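Worksheet: the structure to be examined is printed underneath.
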Amino acid sequence: MLKINVTAKADRFINSREPKHGRQITGKILALANDPSPADSQRLMGSDKGERRATIGEYRIIYWTDETTLHVTTIGKRNDSQVYRRCKS
């Protein structure tokens, strides 16, 4: 299992959701730490770090991995193109 590194912005997003949604997002992040390339994830085009996206309910998680760590950079609404703009900044 990979170590998990969640940015402060992503952590605030999780904590601002209803408890049920926060648990779902957290569960998906834990699952990604066990399998960082599940069938329902896709690599982001044009990513220099090998960032991927995964979907959980109405939310999208943007993350990348190195040898030991899962780095969760951005979490946002699934159909909101802002999530991609935020992950580039």
Practice problem: Please sort 1-13, 66-78 by packing, taking for each peptide the average over its residues of neighbouring beta carbons within 10 angstrom, highest first. | Solution: 66-78, 1-13
Self-check item: Under 27 Å from residue 20, Cα to Cα: lysines that are on another chain or at least 8 residues apart
Solution: 3, 9, 28, 77
Quiz item: Summing -39500 (n - 2.57) over the DSSP H runs of n ≥ 4 in the chain and dividing by its residue number, what mean residue ellipticity at 222 nm do you reach, to the nearest 500 deg cm²/dmol?
Solution: -11000 deg cm²/dmol
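Since every read-out is calculated from the coordinates, none of them should be taken as a lab result. What you see is a predicted model, and the numbers here were worked out from it, not measured in a lab. Cβ coordinates were reconstructed from backbone atoms using ideal geometry, including for glycine residues, and neighbour counts include every protein chain displayed.
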